[in-house]
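See below for the structure under consideration.
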Amino acid sequence: MQKFKEFMKSRKGLVLLTVVLFGALFFAFRYTSSNYTDVVVSQRQRLLSAVGSLLESQHYSPKNINNDFSKKLFQKFLDDLDGDKSFFLQSDINALKKHELTLDDEIKGAEIKFAPEAGLIYEKRLNAVAIVYKEILSKPFDFTVDETAMLDTDQLGYATSEAEQKERWRKLLKYYTLERFVELQEQREQNKDKKDFEVKTDEALEKEAREKVLKAMTKRFDRIKSTIKEEQRFNTYINSVTSLMDPHTDYLAPVEKRSFDEQMSGRFYGIGAQLTEDDYGVKIASIQPGGAAFKSGELSVNDVILKVAQGTAEPVDVAGYATEDVVKLIRGNKGTEVRLTVKKSDGLIKTIILQRDEIVLDETFARSAVVNEGNEKVSYIWLHEFYAD
């Protein structure tokens with residue numbers, strides 16, 4: 001037993017000891033303006049208290065949830081929200097400091113104030129910066145001016161004002177644009193003698209580089225706004241709590257839990273289609289023969305997915321979503337209905353109703369063989385990845 005304990009405290013043991021806290025503890029939370037209903041507050045407190053109690057009583061090497069834990073959690077959650085210090089100002093952190101030593105009390109049943117307040121400030125700053133980056137990228141950069149951008153965010157503090165924050169963003173976006181500008185110049189030099197190649201001026205290349213950066217930034221911000229909403233931020237907060245116990249302890253909300261189970265078992269319930277992502281959004285890459293999508297005959301390769309609905313529920317607009325986020329919405333329980341609103345290659349927008357069915361990823365399962373070599377036999381086991389059903 002002692003050797004077992006020592007092993008579990010080792011790095012290898014920690015990797016094996018990934019503690020998964022999941023759906024049985026989870027409650028859905030609704031966000032209404034700047035206030036939470038009494039029911040939502042109660043649900044959040046019950047979940048947070050349950051996680052805290054479980055960690056203190058059941059974790060193999062528990063830490064005391066006290067003021068010291070609270071201070072670490074305060075900074076961990078802020079780092080998880082805004083690790084590169086792009087959005088929060090120092091004044092925001094100062095305003096939140098009043099919660100620094102009360103988070104342990106919140107975990108033990110006190111009113112939850114820190115995460116909602118931090119979330120509101122985060123949304124405010126995110127929306128402000130979304131305006132700033134578009135304004136900056138609307139004007140040409142002067143690359144003859146010698147400037148420096150700090151890319152190591154660990155060496156940065158939070159910006160002390162909106163003006164300082166804007167200047168940081170200007171330098172960062174100028175750096176990104178310069179990278180692309182140089183790439184375009186190199187392409188021009190390599191291809192200038194080729195037939196039908198358009199040799200553009202530096203001014204045209206600078207504009208093209210800015211447009212590329214604008215496109216990438218817009219995609220990034222759309223994804224943040226689409227997926228990192230109040231509920232996801234709360235899940236992040238719970239994971240900030242669990243990860244302070246050890247880096248291999250995770251909380252999984254129901255959708256994440258289902259995805260985890262699917263990965264571990266090699267089986268899931270979906271429509272039998274692979275997705276990909278390009279400049280137009282998430283689209284159908286291939287359709288598996290015999291799957292729900294194949295049997296319907298209505299879904300085609302290159303159809304762009306616009307919305308996903310669970311049965312007759314309100315559809316979710318997936319503009320700005322990453323492929324893995326759309327996959328999580330499409331998968332569900334066997335026999336349940338999913339509605340996809342897609343844009344066909346001819347521009348027609350159509351809603352397709354599909355019944356989820358089992359998909360088996362048997363290529364991920366273990367394989368074994370016995371190889372005869374003279375008088376000896378060699379057993380060979382191939383593990384694509386760890387799984388358990």
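The values are calculated or read from the model by the stated rules, or taken from the named source; none is laboratory data. Here the structure is a predicted model, which is why all the values come from computation and not from measurement. In this analysis, Cβ positions are derived from the backbone assuming ideal geometry, glycine residues included, and neighbour counts consider all displayed protein chains.
Residue by residue through region 187-210, note down the ones that are in contact (Cβ under 8 Å) with a residue 60 or more places away in the chain and in contact with a helix residue (DSSP H, G or I) (Cβ under 9 Å, 6 or more places away or on another chain).
Within region 187-210, Glu206, Arg210 meet the criteria.
Among residues of region 146-168 being of a type in the set (S, T, N, Q) and at pLDDT below 95, the one that is surrounded by the most Cβ atoms within 10 Å (Cβ to Cβ) is Thr153. Every residue in region 110-139 that is more than 21 Å from the chain's Cα centre (by Cα) and either closer than 17 Å to Glu211 by Cβ or not hydrophobic (A, V, I, L, M, F, W, C) (or both), please. Passing the criteria: Glu111, Lys113, Glu117, Tyr133, Lys134, Glu135, Ile136, Leu137, Ser138, Lys139.
Can you confirm whether region 219-235 contains a residue that is of a type outside the set (D, E, K, R), closer than 30 Å to Glu56 by Cβ, under 22 Å from the mean Cα position of the chain (by Cα) and assigned to a loop (DSSP other than H, G, I, E, B)? Checked against the condition, which is being of a type outside the set (D, E, K, R), closer than 30 Å to Glu56 by Cβ, under 22 Å from the mean Cα position of the chain (by Cα) and assigned to a loop (DSSP other than H, G, I, E, B), region 219-235 yields at least one hit. Does Thr341 satisfy being without any contact (Cβ under 8 Å) to a residue 40 or more places away in the chain and in contact with a Pro (Cβ under 7 Å, 6 or more places away or on another chain)? Criteria met by Thr341.
Restricting the search to helices (runs of 4 or more DSSP H) fully inside region 62-175 and requiring at least 2 residues that are among the hydrophobic types (A, V, I, L, M, F, W, C) and either touching a Gly at 6+ places or on another chain (Cβ under 6 Å) or within 29 Å of Glu203 (Cα to Cα) (or both) gives 114-136. Could you check, for region 292-312, whether at least one of its residues is surrounded by 15 or more Cβ atoms within 10 Å (Cβ to Cβ), closer than 24 Å to Ala115 by Cβ and without any contact (Cβ under 8 Å) to a residue 60 or more places away in the chain? For region 292-312, residues surrounded by 15 or more Cβ atoms within 10 Å (Cβ to Cβ), closer than 24 Å to Ala115 by Cβ and without any contact (Cβ under 8 Å) to a residue 60 or more places away in the chain: absent. So is Phe143 buried (at least 20 other Cβ atoms within 10 Å of the Cβ) and of a type outside the set (Ser, Thr, Tyr) or not? For Phe143, the condition - buried (at least 20 other Cβ atoms within 10 Å of the Cβ) and of a type outside the set (Ser, Thr, Tyr) - is not met. From the list Lys171, Lys72, the lone residue that is of a type outside the set (Phe, Trp, Tyr), farther than 29 Å from Ser243 by Cα and in the same structural domain as Met245 (by TED's automatic domain parsing) is Lys171.
Let me confirm something: among Asp92, Asp84, Asp142, which residue is among the acidic types (Asp, Glu), farther than 18 Å from Asn239 by Cα and either free of Cβ contacts under 8 Å to residues at least 12 places away in the same chain or outside the structural domain of Lys212 (by TED's automatic domain parsing) (or both)? If you could, list the steps in order and put the result at the bottom.
On the way: Asp92 fails: either free of Cβ contacts under 8 Å to residues at least 12 places away in the same chain or outside the structural domain of Lys212 (by TED's automatic domain parsing) (or both); Asp84 fails: either free of Cβ contacts under 8 Å to residues at least 12 places away in the same chain or outside the structural domain of Lys212 (by TED's automatic domain parsing) (or both).
That would be Asp142, the only listed residue that is among the acidic types (Asp, Glu), farther than 18 Å from Asn239 by Cα and either free of Cβ contacts under 8 Å to residues at least 12 places away in the same chain or outside the structural domain of Lys212 (by TED's automatic domain parsing) (or both).
Among the residues of region 145-166, which ones are of a type in the set (S, T, N, Q), under 16 Å from Asp79 (Cα atoms) and without any contact (Cβ under 8 Å) to a residue 60 or more places away in the chain? Within region 145-166, just Gln155 meets the criteria.
Looking only at strands (runs of 3 or more DSSP E) that lie completely in region 328-381, which have at least 1 residues being within 27 Å of the chain's Cα centre (by Cα), modelled with pLDDT under 90 and in the same structural domain as Asn302 (by TED's automatic domain parsing)? In region 328-381, the matching strands (runs of 3 or more DSSP E) lie at 357-360. Would you check if there is a residue in region 116-127 being exposed (fewer than 15 other Cβ atoms within 10 Å of the Cβ), closer than 30 Å to Asp68 by Cα and touching a helix residue (DSSP H, G or I) at 6+ places or on another chain (Cβ under 7 Å)? Within region 116-127 (the criterion being exposed (fewer than 15 other Cβ atoms within 10 Å of the Cβ), closer than 30 Å to Asp68 by Cα and touching a helix residue (DSSP H, G or I) at 6+ places or on another chain (Cβ under 7 Å)), the answer is no, since none of the residues qualifies.
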